[in-house]
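Every number here is computed from the coordinates shown, using simple stated rules; none is lab data. Bear in mind the structure is a predicted one, so any value in this text is a computation, not a measurement. Glycine also receives a Cβ, built like all others from the backbone with ideal geometry; neighbour counts cover every protein chain displayed.
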Amino acid sequence: MRYVPSWTSVSAPSVPDDTVSHRGDEPHSLPRVAIAAAALGNATEWFDYGIYAYGLAYISAALFPGNTASATLFALGTFAISFLIRPLGGLFWGPLGDRLGRKRVLALTVLTMSGATLLVGLLPTYATAGWLAPAALILLRMVQGFSTGGEYGGAATFIAEYAPDSRRGLCGSFLEFATLAGFSLGALLMLGFALLLGDTAMHAWGWRLPFLVAAPLGLVGFYLRSRLEETPVFRELEEQAHRREQAAPAAMPIGRLLVRYATPLLLLGGLVVALNVVNYVLLAYMPTYMHK
């Protein structure tokens, strides 16, 4: 299987020769549909996070024992599990995207995420299935985190490889906009159902409806992404490797990679943790606190 270098790979870096063309500022090198597909898929991923965060009070009552503070803490812990799994997803999906192509991996991640979210909406309650209900929820949240681990980095690479040099920052900003838009849409949808159905119906069955909406969103994202062409950079590097019939370079072991870049990894990890702790205290815990 041919190897194609990428930012998301854990392999030893290689520098392509001059046969790889420079995109510069070519106007045709940035199809709008490519940005739309990458952004829509990312919005779908974070839509699923939004509906869980804002439906947490209903989920804790339905899938955990007793409508108590302990049940709420268990549900919050389940929400956090997906973030702990995300780095493992990045380590898996990144190199896979180098080998199979960006669009295939992005299509798989959005399908995996939306499928897991749909299944959350179909879970039996704790009163019906006992501890099987929270155990299944934890498993599905791990699947969601694993999928998201490959989503953001893969989509960022995809957009960056399509974008001309002078517009890469602008084009990449649509990805972060889609993240916030997807999360906000999930929150608004959960709030809309709560206002429409009332508290009793939401606790009984209404909390499931936003999770079921993830299925058509995921199918739209999968359709758009599966019809995309690979990025110009990926195609050119793949053709170059094919012409030269290069053997895959020796992969850098994960342990050596972590040791070599320990300082920047810890620094960036600390910054991300600090940002997300504050972010999700406001976005995830505060609505639950206000509801209680």
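How about the stretch 138-192: which of its residues are surrounded by fewer than 18 Cβ atoms within 10 Å (Cβ to Cβ) and closer than 30 Å to Tyr126 by Cα?
Ile138, Leu139, Ser184, Leu188, Leu191, Gly192
Can you name every residue in the stretch 169-216 that is free of Cβ contacts under 8 Å to residues at least 12 places away in the same chain and farther than 20 Å from Met286 by Cβ?
Those that are free of Cβ contacts under 8 Å to residues at least 12 places away in the same chain and farther than 20 Å from Met286 by Cβ: Gly169, Leu170, Ser173, Glu176, Leu196, Leu197, Gly198, Thr200, Ala201, Ala204, Trp205, Pro216.
Residue by residue through the stretch 204-218, note down the ones that are over 24 Å from the mean Cα position of the chain (by Cα) and buried (at least 16 other Cβ atoms within 10 Å of the Cβ).
Gly206
Please state which one of Ala163, Ala155, Ala201 is closer than 22 Å to Arg86 by Cα and among the aliphatic types (A, V, I, L, M).
Exactly one of Ala163, Ala155, Ala201 is closer than 22 Å to Arg86 by Cα and among the aliphatic types (A, V, I, L, M), namely Ala155.
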